[in-house]
Structures are given as structure tokens and as C-alpha cells.
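The values are calculated or read from the model by the stated rules, or taken from the named source; none is laboratory data. Everything quoted here is computed from the prediction, not taken from an experiment. Every residue, glycine as well, gets a Cβ built from its backbone with ideal geometry; the counts of neighbours run over all protein chains shown.
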Amino acid sequence: MERPLTQHIISDTSVRNLENYRKVGGYSCLQKVLKSMTPGEVTNVVKVSNLLGRGGAGFPTGAKWSLVPMDTVKSNLPKYLVCNADEMEPGTFKDRYLLEGNPHQLIEGMIIAAYAIQAEKSYIFLRWAYKKAEKVLRTAIEEAYSAGYLGNNILGSDFNLDMHVHSSAGRYICGEETALLNSLEGKRALPRAKPPYPALNGLFGRPTVVNNVETLSWISHIVEKGAEWFKGLSLTGTGGTKLFGVSGKVRKPGTWELPLGITFRELLEEHAGGMIDGHKFRGALPGGASTDFIVEEHLDVQMDFKTVAAVGSRLGTGTMIVLDDKTCPVSFIHNVEKFFALESCGWCTPCREGLPWVEKMLSSIEEGTGKIEYLDLLSFSAKYMSPGNTFCAHAPGAAEPLQSGLKYFHDDFVKHITDKKCPWR
């Protein structure tokens with residue numbers, strides 16, 4: 001089984017420095033691109049590969065790049081490439097593994113991506129808590145400058161690129177690309193109205209592409225080995241492997257690079273080692289906290305973007321948070337909704353007012369003072385916060401574990417209300 005993204009991450013320092021990265025073929029793809037490929041050819045390879053964004057939304061990467069205007073006359077104003085490394089989705093820790101384990105893989109991917117859209121400025125927007133990753137990245141970027149992979153006239157070409165690390169202020173909303181851009185500009189992290197989209201009017205009003213760490217780490221591999229090779233790595237033809245993770249009451253929580261299309265059961269039982277003794281599986285959020293629950297009937301579903309959506313959830317970041325039979329599902333959902341209520345930017349009413357209202361009702365139910373009519377009010381709130389009713393995807397994401405939790409764990413909610421206490425306390 002091929003694991004292109006993680007095969008060389010054997011220890012903390014195996015490919016972290018430039019010398020070791022070059023020993024395993026690092027930066028050879030960049031040399032190939034600058035010597036023999038046009039920006040359009042690079043974009044086309046990525047487009048044909050069907051690389052879907054690994055940050056959660058699953059938008060086609062090549063299509064996003066294709067939206068960037070490619071002027072025949074070079075403008076004095078820059079374009080921008082931004083790497084979203086603000087990994088704030090609860091239960092998600094895959095990008096950190098790549099950042100700390102193989103930073104040059106990301107840097108090379110960013111240089112090639114920047115060449116494809118002809119960007120001359122790039123930023124890595126990093127989660128504030130990732131102090132080790134920040135140190136590793138800054139060292140790797142210095143190495144890349146010293147070796148001529150960054151700066152002016154890269155490898156003797158006429159392509160220039162500067163790269164900077166920006167440690168974020170630490171709000172979940174910065175995972176939304178336009179809020180990220182506002183934060184990068186020094187403004188309050190509020191989402192922007194779309195259109196215009198960042199590819200036309202992004203950072204400082206210039207064409208900008210925002211891609212996730214895992215997405216950009218794929219670029220050198222796809223361009224080097226081709227679109228068909230990438231498609232062949234998955235079990236469903238979607239393309240590529242994916243970094244999947246599992247947390248919760250399992251024997252071996254962690255993250256693994258596996259083909260897109262493995263089943264939930266394989267991830268849970270073979271790689272995470274199954275549930276710990278004395279605990280049974282009740283459900284899971286399959287792609288971080290902002291996804292709908294899956295339950296036991298879904299365990300044999302293949303984990304790719306289309307098939308997970310077909311059963312009413314989302315693949316998201318591919319990092320499963322497991323709910324076991326010894327954990328109160330009402331408390332579990334309350335904890336998630338409390339997080340989303342705290343992280344709301346407050347820009348639109350359904351999110352600003354709806355999420356705290358949801359959190360208070362869940363708190364009341366958990367404490368034994370809830371009323372049966374709260375269940376209808378919670379369902380109404382989830383619908384009110386659905387896509388099309390809010391300014392960005394924050395509240396719709398928060399609604400997913402709530403609406404599916406009410407569906408699959410309805411009896412647990414009722415028992416809390418009728419017994420006037422939490423059965424797990």
C-alpha cells in the first residue's frame with residue numbers, strides 16, 4: 001500500500017531537514033516544473049487528477065486554481081497563495097503530523113502551486129498553539145531560501161516567490177477562507193460575502209488561492225507521477241489516499257494514511273484497534289465535530305466524499321470522534337455545541353443568537369430541568385441554522401451533530417427529561 005505523504009515520516013527528524021528530504025527525491029519535481037512545464041500544464045495535471053481539497057469541503061483543487069486570472073501582461077501587483085494550517089476542527093490533528101514531520105513536502109507543494117497561479121507571495125496561516133510546527137516550518141523555510149528554492153529567480157528561472165509563516169489569533173472561524181484572509185490582513189476574522197471569490201478578490205484585494213496543508217502536500221507527488229497514478233491510489237476512483245484519524249475510547253487512537261474508500265469498520269477495528277474493553281460503539285462524528293453522526297449501520301460504508309454524503313454525513317477532515325456506550329450522548333453533543341457557540345464570530349443572527357440558545361437548552365436537558373418541547377425547539381434551531389440561512393458555514397456545521405444526534409439518540413434525550421437527571425451521572 002502506497003503512502004506518499006507519510007512514507008518518509010519514520011521519526012521526528014527523518015525528513016524534517018533539507019538534506020534528508022533531498023535524499024528521498026525532494027525538490028526534484030520543482031526542478032522539473034520550472035524547467036519544462038508551463039503554469040497551465042501544472043494546473044491541468046492537478047485538475048485531471050481530481051484532487052479534492054483535504055480541509056473538509058472537498059472542492060476540486062484544480063478547478064479552484066483555474067479561477068485565478070492569468071494575465072498575458074505581468075502585473076506589478078502580486079497574487080497570493082495561502083496555506084490554511086489553522087487546524088481548529090475539534091478531533092482533527094492530521095495536518096500537524098505533516099507540518100512537524102515533513103515540512104519541505106508542504107513547501108515544495110506550495111512553490112509549485114504558486115508557480116501554477118503565478119503568485120509571488122505566499123503565507124502559511126498557522127494555528128497559534130502549534131509552537132513546535134512553527135519552529136520546524138521557520139527552519140525549513142530558511143533552508144529553502146538558502147538553497148535557492150525560495151526568493152528571486154528560483155533555480156535560475158524567472159519565477160520569484162516569498163514565503164511567510166503567520167501564527168493566527170486562534171479562532172475557529174479562521175478556518176473559513178475569507179475570515180482567514182481578513183485575519184491575515186490584520187482585521188477582525190469575519191467571513192466575507194461571496195462573490196467575489198478569493199480567486200478574483202482575495203488577500204489585499206488581489207487574486208488569492210487558499211488550500212489546506214494536506215492538499216498542498218500532494219502537489220509535488222501528483223505532478224511528478226501523474227493524474228492516473230493518483231486516481232489509482234483510491235479504492236473508489238476518487239483519487240489518492242487520505243490522512244484518517246480516530247479519537248475516543250479506542251485502543252489505538254491516532255492518524256494513518258490510507259486509501260480513500262476504506263470502510264469505517266476497517267478504520268475503527270483494524271487501525272484504531274477497536275473499542276477498549278468494557279465499551280461498545282454507539283456512533284461517531286466521521287470528519288471532525290462539524291459532521292453528522294454515523295451509527296453502527298454505517299460502519300461498512302466506504303469513506304470517500306460521495307459515499308459518506310449519500311448516507312447523510314460528510315467525510316470532512318476524515319478524523320473520527322467516537323461515541324461509546326459509557327458516554328452520555330446529550331453531554332457529548334452539548335460539549336460540541338458549547339464550543340461552536342463560543343467560537344461564533346457573531347456576524348449573523350442564526351449563529352449569534354441560535355447557538356447560545358441551543359447550548360442553554362442542552363445544558364438544561366443534561367441537568368434534568370429540560371422540557372419535552374425543547375426537542376422540537378432544538379430541531380427547529382438546527383433547520384434555522386442550515387445552509388442558505390446563515391452568512392457562512394459555521395452554524396450549518398454546528399447544526400450537523402445536533403440534528404443527527406436528535407435522530408439517533410432521541411430516546412436518550414427523552415430519558416433525561418422524563419427522569420429529570422442524566423442517566424450517566
Inset, instruction - Would you be able to tell me the number of residues in the range 282-300 that are touching a Ser or Thr at 6+ places or on another chain (Cβ under 6 Å), closer than 18 Å to residue 236 by Cβ and either outside any loop (DSSP other than H, G, I, E, B) or modelled with pLDDT under 95 (or both)? - result: 3
Inset, instruction - Starting from the range 402-416, take each residue that is over 17 Å from residue 364 (Cβ atoms) and list its partners that are among the small types (Gly, Ala, Ser) and surrounded by fewer than 21 Cβ atoms within 10 Å (Cβ to Cβ), counting only C-beta distances under 9 angstrom and pairs at least six apart or across chains. - result: 403/379; 403/386; 404/312; 407/312
Legend entry - Scan of the range 158-210 for residues that are surrounded by fewer than 17 Cβ atoms within 10 Å (Cβ to Cβ), of a type in the set (Phe, Trp, Tyr) and within 21 Å of the chain's Cα centre (by Cα), ordered by number: 197
Inset, instruction - Could you tell me whether residue 19 is under 15 Å from residue 219 (Cα atoms) and either in contact with a Pro (Cβ under 7 Å, 6 or more places away or on another chain) or not in a loop (DSSP other than H, G, I, E, B) (or both)? - result: no
Inset, instruction - Tell me which residues, restricted to the range 312-324, are in a loop (DSSP other than H, G, I, E, B) and either in contact with a strand residue (DSSP E or B) (Cβ under 7 Å, 6 or more places away or on another chain) or crowded, with 20+ Cβ neighbours inside 10 Å (or both). - result: 313, 314, 315, 316, 317, 318
Legend entry - Lone qualifier among 50, 76, 20, 44 - being modelled with pLDDT of 95 or more and not hydroxyl-bearing (Ser, Thr, Tyr): 44
Inset, instruction - Examine the range 265-283 for a residue that is hydrophobic (A, V, I, L, M, F, W, C), farther than 19 Å from residue 7 by Cβ, touching a helix residue (DSSP H, G or I) at 6+ places or on another chain (Cβ under 8 Å) and surrounded by 23 or more Cβ atoms within 10 Å (Cβ to Cβ), and state whether such a residue exists. - result: no
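Restricting to the range 44-90, name every residue that is part of a helix (DSSP H, G or I) and of a type in the set (D, E, K, R).
47, 64, listed by residue number.
So, in the range 374-414, exactly how many residues are in a helix (DSSP H, G or I) and either buried (at least 16 other Cβ atoms within 10 Å of the Cβ) or among the small types (Gly, Ala, Ser) (or both)? Working first, answer last.
Taking the range 374-414 first, the residues in a helix (DSSP H, G or I) are 374-384, 394-408, 410-414.
Subset that is either buried (at least 16 other Cβ atoms within 10 Å of the Cβ) or among the small types (Gly, Ala, Ser) (or both): 374-375, 378-379, 381-382, 384, 394-406, 408, 412-413.
Qualifying residue count for the region: 23.
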